[in-house]
Amino acid sequence: MAMKLSTRKRPERSDKMLKESQLKFSERVFDDNTIKTLKYLMNNEIFRSLDYPIQHGKEAAVYRGTAIHDGKEEFVAVKIFKLEGPSFQKKLQYLEGDKRFDRPRGKRHMVKIFAKKEFANLKICQEAGVRAPRPIKHRDNVVVMEFLGEKGVPSGLLKNHEMKSPKKILGEVLEDMKKMHGAKLVHVDLSEFNIIMHKEMPYIIDVGQAVLLHHPQSEEFLRRDLLNVLKFFEKNGARMDFDEALKYIRGENVN
């Protein structure tokens, strides 16, 4: 079965994006092993088709997929970690001391570990009540998760969102950072580029590199995340003291 993108129910605003980006998205994404994994997920009715690309990066690409559950059509997000993409060697530091995962045995194995890590961290977020995509299924280098969008159109990133109440949204982001910290998890790369605004609420995404609190650099990562978040919101009219915000995330008393 040939793997190709479906144009079915693609939002009009995505037409141009697909025409200009399809080759770039497909590059190094649909290798033979990935196609085999996607076929497995489709044959097991996790989703029925890949509709169009939502987002791409050097290490992974995200597609909207269509699924049928109880006779009802639903959308999912399908994140494919590129087996033929750039090396994940620089991310080895994010596995330090994490006994949930095997020691990588080569590049492809490392890619699959980070897909597994994303799924595991999404589950932690879900159990902690953090606003993040609900994890649905993981296999090899593919993670299927909740689609954040309305009427099939994906919700946009915080960096592009016109905020009516930046102070309120900042408070929601800090609340989720607090919940993650309470679940002993630190995002590591949190910024306006890794937060989706869905139904006027912020959702944290891209948690594959997130580390547990016992990681030797977790404090450094937490401070960097918080600094990125506070800088962005200060530019948008919502300011909060760094130390006060840090205490809040840690669950310490704030005077």
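The values are calculated or read from the model by the stated rules, or taken from the named source; none is laboratory data. Given the structure is predicted, the values throughout are model-derived calculations rather than measurements. Every residue, glycine among them, receives a Cβ derived from its backbone with ideal geometry; neighbour counts consider all protein chains shown. All accessible areas refer to the heavy atoms of the entire protein, side chains included, with ligands and DNA or RNA removed. Shrake-Rupley method; radii C 1.70, N 1.55, O 1.52, S 1.80 Å.
Could you tell me which of the residues LYS90, LYS116 is free of Cβ contacts under 8 Å to residues at least 60 places away in the same chain, under 30 Å from HIS214 (Cα atoms) and surrounded by 17 or more Cβ atoms within 10 Å (Cβ to Cβ)?
Exactly one residue qualifies, and that residue is LYS116.
Name the single residue, out of those in segment 93-106 being in contact (Cβ under 8 Å) with a residue 24 or more places away in the chain and assigned to a helix (DSSP H, G or I), that is farthest from the chain's Cα centre (by Cα).
Per the stated criteria, the residue is GLN93.
Do we have ARG64 as of a type in the set (Lys, Arg), over 12 Å from the mean Cα position of the chain (by Cα) and modelled with pLDDT under 95 here?
No.
Kindly provide the set of residues from segment 41-84 that are part of a helix (DSSP H, G or I) and not polar (S, T, N, Q), ordered by number.
Across segment 41-84, the qualifying residues are LEU41, MET42.
Take ILE80 and tell me if it is at pLDDT 95 or above, closer than 20 Å to GLY152 by Cβ and out of contact with any Lys or Arg (no Cβ under 8 Å at 6 or more places or on another chain).
So ILE80 fits the description; yes.
Tally the residues that are open to solvent by less than 70 Å² (accessible area, probe 1.4 Å), farther than 14 Å from VAL143 by Cα and among the small types (Gly, Ala, Ser), restricting the search to segment 26-72.
The number of residues fulfilling the criteria is 4.
Quick check on this structure: which one of ALA128, ALA115, ALA120, ALA132 is under 13 Å from the mean Cα position of the chain (by Cα) and more than 22 Å from HIS56 (Cβ to Cβ)?
From the options ALA128, ALA115, ALA120, ALA132, the qualifying one is ALA120.
Inside segment 83-112, can you point out the residues that are in contact with an Asp or Glu (Cβ under 7 Å, 6 or more places away or on another chain) and modelled with pLDDT of 90 or more?
LEU83, LYS112
Among the helices (runs of 4 or more DSSP H) lying completely within segment 137-255, list those that include at least 2 residues that are touching a helix residue (DSSP H, G or I) at 6+ places or on another chain (Cβ under 6 Å) and open to solvent by 60 Å² or more (accessible area, probe 1.4 Å).
The helices (runs of 4 or more DSSP H) meeting that bar are 166-182.
Yes or no: SER218 of a type in the set (Ser, Thr, Tyr) and more than 17 Å from ILE124 (Cα to Cα)?
In short, no.
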